Amino acid sequence: QVQLVESGGGLVQAGGSLRLSCAASTRIFVINTMGWYRQAPGNQRELVADITVGGSTNYADSVKGRFTASRDNARNTVYLQMNSLKPEDTAVYYCNARPPSKYWGQGTQVTVSS
C-alpha cells in the first residue's frame, strides 16, 4: 500500500517560515524523484520543488531562493523548508513522486497572512 503523509503546515505571517515533512511508503520513495506540489483555491496543482534520490533539487521560479527541499532516505521522508513566506504561498501542499503517482495524501494547509 502506498502512503504519503504530509505534516507541518499552519498559519504564519508573511516573512515567516515553516518546515513541511512527508513520510512516504518505501515503494514510492526509494526509486523516485520526489516532488512537493501545492494547490491554491481555484488553481491547478503545481510542482514547486523536486529532489532526486541523490539529493539534486529543482525549484519553481516562484519559490527559488526561499524554499529548500531535502530528503532522509533512511526514514523515507522528504522535507520542504519554506522561508520568507508570502501570502501567495497559501495553498495545500502535497508530496508525491515526480511525475506523480495516482496516490495522493491529504496534504497540509499552509496559510500566510499579510
- Item | Yes/no for residue 89 being closer than 29 Å to residue 1 by Cβ and acidic (Asp, Glu) | no
- Query: Going through region 48-70 one residue at a time, which ones are open to solvent by 40 Å² or more (accessible area, probe 1.4 Å), farther than 19 Å from residue 86 by Cα and either of a type in the set (Asp, Glu) or not in a loop (DSSP other than H, G, I, E, B) (or both)?
  - Reply: 57, 58, 70
- Options 39, 13, 44; residue that is of a type outside the set (A, V, I, L, M) and surrounded by 13 or more Cβ atoms within 10 Å (Cβ to Cβ): 39
- Message: I'd like the residue in region 97-114 that is open to solvent by less than 40 Å² (accessible area, probe 1.4 Å) and in contact with a Gly (Cβ under 6 Å, 6 or more places away or on another chain) and, out of all such residues, is farthest from residue 28 (Cα to Cα).
- Response: 110
- Note on the structure: Restricting region 74-114 to residues that are within 11 Å of the chain's Cα centre (by Cα) and of a type in the set (Phe, Trp, Tyr), the one nearest to residue 40 (Cα to Cα) turns out to be 93
- Note on the structure: Within region 21-30, residues open to solvent by less than 60 Å² (accessible area, probe 1.4 Å) and under 17 Å from residue 55 (Cα atoms) come out as 21, 22, 23, 24, 28, 29
- Message: Please go through region 10-47 and give me each residue that is in a strand (DSSP E or B) and basic (Lys, Arg), ordered by number.
- Response: 19, 38
- Task: Scan region 72-90 for residues that are crowded, with 22+ Cβ neighbours inside 10 Å and part of a strand (DSSP E or B) and jot them down.
- Result: 78, 80, 82
- Task: Name the one entry in 98, 75, 66, 71 that is more than 18 Å from residue 19 (Cβ to Cβ) and either touching a strand residue (DSSP E or B) at 6+ places or on another chain (Cβ under 9 Å) or not acidic (Asp, Glu) (or both).
- Result: 98
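The values are calculated or read from the model by the stated rules, or taken from the named source; none is laboratory data. The structure presented is a predicted model; accordingly, all values stated were derived computationally and were not measured. With ideal geometry, Cβ positions are generated from the backbone for all residues, glycine too; neighbour counts draw on all protein chains shown. Only protein heavy atoms, including side chains, enter the accessible area calculation; ligands, DNA and RNA are left aside. Shrake-Rupley method; radii C 1.70, N 1.55, O 1.52, S 1.80 Å.
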